[in-house]
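What follows is a short report on a single structure.
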Amino acid sequence: MSDDTHKDAATKDASAAAKDTAAKDSAGKGAAGKAEGAREFLSVRDLRIHFDTDDGLVKSVDGVSFDLKAGQTLGIVGESGSGKSVTSLGIMGLHTSDRARISGEIWLDGEELIGADKQRVRELRGQKMAMIFQDPLSALHPYYTVGAQIVEAYRVHNKADKKTARKRAVEMLDRVGIPEPARRFNDFPHQFSGGMRQRAMIAMALVNNPQLLIADEPTTALDVTVQAQILDLIRDLQKEFGSAVVMITHDLGVVAEIADRLLVMYAGRCIERGTSEQVFEHPQHPYTWGLLGSMPRIDREQTDRLVPVKGAPPSLINVPSGCAFHPRCPYADVPPDNVTRTERPELRETTGGHFSACHMTREQREKIWTEEIAPKL
Amino acid sequence: MSEPTKQATNAGPAAGAAGTEPEPLLRVTDLAKHFPITKGILKRRVGAVQAVDGLSFDVRPGETLGVVGESGCGKSTMGRLVTRLLEPTGGKVEFEGRDITHLSAGRMRPMRRDVQMIFQDPFGSLNPRHTVGGIVATPFRLQGVTPDGGVKKEVQRLLELVGLNPEHYNRYPHEFSGGQRQRIGIARALALKPKLVVADEPVSALDVSIQAQVVNLLDDLQDELGLTYVIIAHDLSVIRHVSDRIAVMYLGKIVELADRDALYSSPMHPYTKALLSAVPVPDPKRRGAKSERILLKGDVPSPISPPSGCRFHTRCWKATDVCATKEPPLLEIAPGHRTACHHPENAPDQQPQDTEKVLVTPGKPAPVPAQKKGGDEGTQEQKPAK
Ligand SMILES: Nc1ncnc2c1ncn2[C@@H]1O[C@H](COP(=O)(O)OP(=O)(O)OP(=O)(O)O)[C@@H](O)[C@H]1O
Ligand SMILES: Nc1ncnc2c1ncn2[C@@H]1O[C@H](COP(=O)(O)OP(=O)(O)O)[C@@H](O)[C@H]1O
Ligand code: SF4
Ligand code: SF4
Ligand SMILES: [Mg+2]
Ligand SMILES: [Mg+2]
């Protein structure tokens, strides 16, 4: 792995990130992170998380930037292996393996986390930021009662006596809709159903009123009726506490339900970003077109045929050159001079606040969208 | 054989009900499977999981019957019963008019050619130590048949048929992606030219872009080979896309069975209605349209001791006294549209004399977000559209 190419790509991308910051917010020029960090609750700049493995360097996250204000919900979508979970664990400071190489900046409420003291990040975790996972059993310990675990989560960050903490835990269980919370307080995780465990984990994550909640596929393992209950709950709690939420999912339906901004990931990179309306109603990247065309939709007339994306997602050890999507992209030859295969497309603004990483010109994309894609969706 | 049933359905929802019902390929009557729960070293029987409890339905030649329902409602058990991978506790399975309910393994063998199953997990269902060629050729070995032109040639033809490179004959499953592995499973299922394919969650382990590839493949193969499908899935958008008719299951029972369009445009069973309303729609304009959503309380009860009467009554907002005592039969309430409910939606009430509403008091009280408590006498609450 040549360090040079890495550095080169990094500079290029940093300038892209700076550019889009500038485009969005002329006041934020210069010290991209700091100035932004003051206004945004969470600012991620050029985040890279690579892993040294026996097979080679896995570039799980390779230059991701985004901002999130308090009270807003950002949806991160992408197929499995595109780097969603690695991103979220990175923000939480949970990549502790010495094989993980992390660079970039993560500003949480004006404080930078990547360079910060481990102890400080541990303090922030569970207090200012909290996370819920796809599998609640990975977050709940099987040998302790649900109640005891919530009490513990509370007391780590608050000087409260047992009684106060217990009261708070019961209150949280009630708040997330566990029936008879005072009694269920004493249950062990395995005595809860899947949906109840998910609620208990949410109660534990929210016990300290975190201002940032990261939810990584929180409903993927649940049935649709339970999923609806949980999404409803997250939405209500967010409204109540005004927290910033990052919702990570592969389900475009879930994201449309809950997110006001959207980031589409492919092969560890952000390939499109904008408001939910922008990305769903006027997507600007061939991969996003592919995702939307692949999906049968219950809210539309029955279509005869889905339009799949050909091929399979790439390996993150040998990410395709240039645009990582090029081996699967039907329009790879639209941009001239083979540029699609040689140069990595930068994230560029197409319309206000809507960014896409594709070499096609806006006119080329517009033509394909109106003539070929939109009529089929 | 390859009568394009999909077209027929598109011609109008009534088309299927116009008298000329074709002879079913598969007929299932009162099918039940109770798994015994045993205790101690003497394996004393202490109860039973009523995984499937009294299913009746037909599958017509050339059609796709979709089966939906939430986790644990008995979909996979049903699939394994009709393919005779499981021994039924009760009821009858007929294939092409022949009773196969209790055929011995030996007598079942020729039948296996006609009825094949595709499994949910493209990773677990393929032996990692066998080459792709070996895996796809397994059915020939088991049946002791040699196809025209030899096994290798036929396997390569099958690989090509499902969109894989025939050159990959000697590779191993781990060298393939999830979608490709699912294709290998499909090629194996098709080796003996079956008439009926039961696919248990064929795409749920796959990413959306790959899912679409496999859905289209199943569709093409049906047209090309005149296959009949029973497709099991929990994703209501996928089921709508692939099915001609759909059966909705709840706690081991079919609660509704109808043509696709009828089911999605005018569901009759309250559970179907709740299920459809819960599907997240990829349209941000409808964000906050949760006002139209029916939020069911609580969880699905245990199939070990299912509720009396209508099994849905502990969660149903329309439940009345009769629902807790009398099991509603699966009746044809509109042409081709069956439902098991005393007070169906979009149809006349079956028990109009019984109007006393019961309080929904499930065994475990229903978890409902706190601020919503106390609404609508503790029953399920349907928020008014804004
Ligand atoms: N071999 C078995 N022994 C005991 N109980 C079983 C067995 N197989 C299934 N069950 C139970 O029967 C019920 C129905 O199971 P089944 O696998 O058919 O559900 P399903 O509808 O396919 O669910 P999913 O969507 O989760 O796959 C469940 O309660 C399950 O735990
Ligand atoms: N600790 C690790 N070591 C090496 N590779 C990893 C590690 N964690 C994740 N990866 C790889 O990073 C990529 C992105 O993973 P992940 O973020 O979990 O994807 P998803 O988008 O499905 O959440 C995958 O290729 C995964 O195999
Ligand atoms: S850059 Fe080229 S390959 Fe990538 S999405 Fe755009 S057109 Fe397709
Ligand atoms: S029979 Fe009663 S409880 Fe069952 S679905 Fe119908 S109205 Fe609800
Ligand atoms: Mg993940
Ligand atoms: Mg199953």
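The values are calculated or read from the model by the stated rules, or taken from the named source; none is laboratory data. Predicted, not measured: the structure shown is a model, and the values here were computed from it. For neighbour counting, all protein chains shown are included, and Cβ atoms are generated from backbone atoms with ideal geometry for every residue, glycine included. Heavy atoms of the whole protein, side chains included, go into the accessibility calculation; ligands, DNA and RNA do not. Shrake-Rupley method; radii C 1.70, N 1.55, O 1.52, S 1.80 Å.
Across bins of 10 angstrom width beginning at 0, how are the C-alpha pair distances of segment B:13-148 distributed, in whole percent?
Histogram of Cα-Cα distances, whole percents per bin: 9, 31, 33, 21, 5, 1.
Count neighbours as other Cβ atoms within 10 Å of each site's Cβ, and list the GluC sites (Glu not before Pro) in segment A:300-377 that are DSSP loop with at most 11 such neighbours. Before the final figure, lay out each step's value.
Working: sites: A:E301, A:E343, A:E346, A:E349, A:E363, A:E366, A:E371, A:E372; in loops: A:E301, A:E343, A:E346.
Answer by residue number: A:E301.
May I ask you to work out the translational diffusion coefficient for segment B:155-254 at 4 °C, viscosity 1.567 mPa s, via Stokes-Einstein with Rh from the Kirkwood sum over Cα pairs, reported in whole µm²/s? It would help to have the intermediate numbers written out before the result.
On the way: Rh = 14.4 Å.
The calculation lands on 90 µm²/s.
Would you work out the charge dipole size for segment A:204-344 about its Cα centre, treating the Cβ of every Lys and Arg as +1 and the Cβ of every Asp and Glu as -1, and quote it to the nearest 20 debye?
Values: 12 positive and 18 negative charges, 102 e Å.
Dipole of segment A:204-344, to the nearest 20 debye: 480 debye.
Leaving out ligands, DNA and RNA but keeping every protein chain, what accessible area does B:I231 have, in Å² rounded to the nearest 10, with a 1.4 Å probe?
Solvent-accessible area, nearest 10 Å²: 10 Å².
Could you work out how far helix A:3-24 tilts from the main Cα principal axis of chain A, as a 0 to 90 degree angle to the nearest 10?
80 degrees
How many Å³ per residue does the convex hull of the Cα positions in chain A occupy? Show your work: numbers first, answer last.
Details: hull volume 56.6 nm³, N = 377.
Spread over its residues, the Cα hull of chain A gives 150 Å³ apiece.
Can you tell me the convex hull volume per residue for segment B:47-120, based on C-alpha atoms, in Å³ to the nearest whole number? Working shown, then result.
Numbers: hull volume 8.8 nm³, N = 74.
With only Cα atoms used, segment B:47-120 gives 119 Å³ per residue.
Under unit Cβ charges (Lys, Arg +1; Asp, Glu -1), what dipole magnitude, rounded to 20 debye, does the protein assembly as shown have relative to its Cα centre?
Working: 98 positive and 97 negative charges, 436 e Å.
Using Cβ point charges on Lys, Arg, Asp and Glu, the protein assembly as shown gives about 2100 debye.
Just the ratio, please: alpha-carbon radius of gyration of segment A:230-377 over 2.2 N^0.38 Å, N its number of residues. Let's see the in-between values first.
Working: Rg = 16.4 Å, N = 148, 2.2 N^0.38 = 14.7 Å.
For segment A:230-377, the normalised Cα radius of gyration is 1.11.
Can you tell me the mean projection area, over all orientations, of the convex hull of segment A:163-286's alpha carbons? Units nm², please. Write out the running numbers ahead of the final one.
Numbers: hull surface 35.5 nm².
Its Cα hull, projected and averaged over all orientations, spans 8.9 nm².
So which chymotrypsin sites (Phe, Trp or Tyr not before Pro) in segment B:250-307 end up in coil per DSSP with only 15 or fewer other C-beta atoms within 10 Å?
Taking segment B:250-307 and a limit of 15 other Cβ atoms within 10 Å, no loop chymotrypsin sites (Phe, Trp or Tyr not before Pro) are found.
For peptide B:41-47, what's the mean number of Cβ atoms from other chains within 10 Å of each residue's Cβ? The partial results should precede the final answer.
Details: counts 0, 0, 0, 0, 0, 0, 0.
Neighbouring Cβ atoms belonging to other protein chains average 0 per residue here.
As an exercise, use a Förster radius of 51 Å and the Cβ-Cβ distance of B:K92 and A:E343 to find the FRET efficiency, rounded to the nearest 0.05. Walk me through the numbers before you get to the answer.
Values: r = 66 Å, r/R0 = 1.29.
Rounded to the nearest 0.05, the efficiency is 0.20.
Over the residues of segment A:110-190, compute the C-alpha Rg and express it relative to 2.2 N^0.38 Å.
Values: Rg = 14.4 Å, N = 81, 2.2 N^0.38 = 11.7 Å.
Compactness ratio reported: 1.23.
Please report how far the C-alpha centroid of segment B:139-158 lies from that of segment A:97-130, rounded to the nearest whole angstrom.
With segment B:139-158 and segment A:97-130 each reduced to a Cα centre, they are spaced 58 Å.
Where does each of B:D121, B:D114 land when they are ordered by accessible area, with a 1.4 Å probe and the largest first?
Working: B:D121 70, B:D114 35 Å².
So the residues, ranked largest to smallest area, are B:D121, B:D114.
Picking from B:T272, B:V322, B:F140, whose Cα lies most toward the positive end of the charge dipole for the protein assembly as shown (charges on Cβ: Lys, Arg +1; Asp, Glu -1)?
B:V322
Helix A:162-175: angle to the longest alpha-carbon principal axis of chain A, degrees 0 to 90, nearest 10?
Helix A:162-175 sits at roughly 50 degrees to that axis.
What's the average, rounded to a whole number, of partner chain beta-carbon atoms within 10 Å of each residue's beta-carbon in B:213-221?
For this peptide, the per-residue mean of nearby foreign Cβ atoms is 3.
Leaving out ligands, DNA and RNA but keeping every protein chain, what accessible area does A:V64 have, in Å² rounded to the nearest 10, with a 1.4 Å probe?
Approximately 0 Å² for this residue.
Placing unit charges on C-beta atoms (Lys and Arg positive, Asp and Glu negative, everything else neutral), compute the dipole magnitude of chain A about its Cα centre in debye, rounded to 20.
Working: 48 positive and 53 negative charges, 218 e Å.
Value, rounded to 20: 1040 debye.
At R0 = 41 Å, how high is the FRET efficiency between A:D117 and B:T38 if r is their beta carbon distance? Nearest 0.05 is fine.
On the way: r = 56 Å, r/R0 = 1.37.
Efficiency for this residue pair is about 0.15.
On C-alpha positions alone, give me the angle between the axis of helix A:194-206 and the longest principal axis of chain A, in degrees, nearest 10.
Long axis of A:194-206 versus the principal axis of chain A: about 90 degrees.
Could you please state, rounded to a whole Å, how far the C-alpha centre of segment A:311-370 is from the C-alpha centre of segment B:285-355?
Using only Cα atoms, the two centres lie 50 Å from each other.
Mind computing the radius of gyration and Dmax over the alpha-carbon atoms of the protein assembly as shown? Å is fine for both.
Over the protein assembly as shown's Cα set, Rg and Dmax evaluate to 27.3, 81 Å.
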